[in-house]
Amino acid sequence: TLLSLLTIALLSSSCTSQFILPIGKDPVTNLFYTSIGIGTPRHNFDVLIDLGESMLWYECNNNYTSSTFNPLPCQSKLCPWKNQCTECNAPLRSPGCSNNTCDTPISNPFGGLLFSGETGDDVLFISDSKVSGLFSGCTDSDYYHLDFPISKAFPKARGILGLGRTQFALPTQLSLSSHKLPHKFALCLPSSNKKGLGSLFIGGIPQQNSLSKFHLTTIPLVVNPFSTAPTYDLGEPSYEYFIDVKSIKVGGQALNFKTSVLSIDKKGNGGTKIRNLHSHTLLHSSIYKPLVRDFVNKAGDKNIKKVASVAPFGACFDLTTIGRTVTGLDVPTIDLVLEGGVEWTIYGGNSMVLVNKNVACLGFVDGGKEPRTAVVIGGHILEDNLLEFDLVSSTLGFSSSLLVHNARCSNSDAKGNLISDE
């Protein structure tokens, strides 16, 4: 289904300057993915979408070949990792196994393993175009005698489409290439694939697209001056997306906790970042405990019955005692209070997780007493929300739940136009 919709998008979106890719959600892992074509001959890959990864990288195992792959020499001015060069002693040189090539440090987001790939440019098939000269990372994990890290978490995926704020991220490359797209991208992540797929817009939301009618609240993106990547050069800032959360409310009432943990300190600790590769939102223990306490109390005011917790969640409820609204389960709202008093409201459709047919749990997880980042907003909160990252103005536009408007991200056509639930 994903590939067929991608093919339709290739044929139907030639009148737009943006690149539109369909987004699927795996129902088992809750990970978001898209399909992309690479190389000559063309190889189609399902790749995970990750706001916290630096670039597109993919697996080039199993005698993968591409006549249009050009390794990037590690002496090149374009190579950001000049002290790391790949060397390969295999008898046949191929993508993933070349000498004196700019290394791509690749991290396993599901296990902490670091390994190496090589950077090169190749033909990419994205949206309606065959685009040449775009850099990506290629790794031959068979050569390194490694189990491909993503395959255990999501067997269909053969790589990651990184959207971090880096020179090799696709939105950046396409803004600097002959396409000269606006340096922005937008996400509409689906809550399921039952009615359709979500959309990734590289270049931002097209004016003629139905999504453009929704008002987006714009807030500044914060740059953490200290890298949060597994490997980095000294003094390198983080390429992940941080926002300035000032406080948190439950049912309209502010949580009582030391809000200083929401600020990024002199070592880069604290703050709030958005990382969709985590399904559930992680909170510093000093935030998590009062959040659970206040949520349980306010749920009790609605006659919602608490039941035994189901790991990893700390507050679970009898589903039969919870009403339903257009925005999901009728539970206390959670508000992220941002700079200037702006509030990002999280309704039941994004705060609650169904763990079985009888139990729903508050979808937040205790991140410990000393996490690197105080709040990591996970993918579940982002579902059926429209987000636009403007990397020129360094701002984030967000809609809050589209369910309020009887719309959802999974109701879209091949051009990414939203179809109303009505």
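The values are calculated or read from the model by the stated rules, or taken from the named source; none is laboratory data. Just so you know, these numbers come straight off a predicted model, no measurement behind them. Cβ coordinates were reconstructed from backbone atoms using ideal geometry, including for glycine residues, and neighbour counts include every protein chain displayed. Just the protein is used for accessible areas: all its heavy atoms, side chains included, with ligands, DNA and RNA removed. Shrake-Rupley method; radii C 1.70, N 1.55, O 1.52, S 1.80 Å.
Numbers for the structure displayed
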{"read-out": "Matching entry among 390, 384 (being open to solvent by 30 Å² or more (accessible area, probe 1.4 Å) and among the acidic types (Asp, Glu))", "value": "390"}
{"read-out": "Test set (1) in contact with a Cys (Cβ under 9 Å, 6 or more places away or on another chain); (2) modelled with pLDDT of 80 or more - residue 129 fails condition number", "value": "(1)"}
{"read-out": "Residue match in region 269-281 (condition: of a type outside the set (Ser, Thr, Tyr), more than 25 Å from residue 106 (Cα to Cα) and either part of a helix (DSSP H, G or I) or open to solvent by 20 Å² or more (accessible area, probe 1.4 Å) (or both))", "value": "no"}
{"read-out": "Matching residues, region 385-413, being in a loop (DSSP other than H, G, I, E, B) and either at pLDDT 95 or above or closer than 22 Å to residue 228 by Cα (or both)", "value": "391, 392, 393, 394"}
{"read-out": "Residue match in region 411-422 (condition: among the hydroxyl-bearing types (Ser, Thr, Tyr) and surrounded by fewer than 16 Cβ atoms within 10 Å (Cβ to Cβ))", "value": "yes"}
{"read-out": "Residue in region 34-59 that is most open to solvent (accessible area, probe 1.4 Å), counting only those that are farther than 15 Å from residue 157 by Cα and of a type in the set (S, T, N, Q)", "value": "40"}
{"read-out": "Extreme residue, least open to solvent (accessible area, probe 1.4 Å), among residues of region 65-107 that are β-branched (Val, Ile, Thr) and at pLDDT 85 or above", "value": "101"}
{"read-out": "Qualifying residue in region 53-71 (condition: closer than 25 Å to residue 278 by Cα and of a type in the set (S, T, N, Q))", "value": "yes"}
{"read-out": "Selection count where residues are under 26 Å from residue 246 (Cβ atoms) and either surrounded by fewer than 14 Cβ atoms within 10 Å (Cβ to Cβ) or of a type in the set (Ser, Thr, Tyr) (or both), scope region 298-340", "value": "5"}
{"read-out": "Residue list for region 108-126, restricted to those being among the aromatic types (Phe, Trp, Tyr) and at pLDDT 75 or above", "value": "125"}
{"read-out": "Any hit, region 289-309, residues being part of a loop (DSSP other than H, G, I, E, B), touching a residue at least 60 places away in the same chain (Cβ under 8 Å) and among the hydrophobic types (A, V, I, L, M, F, W, C)", "value": "no"}
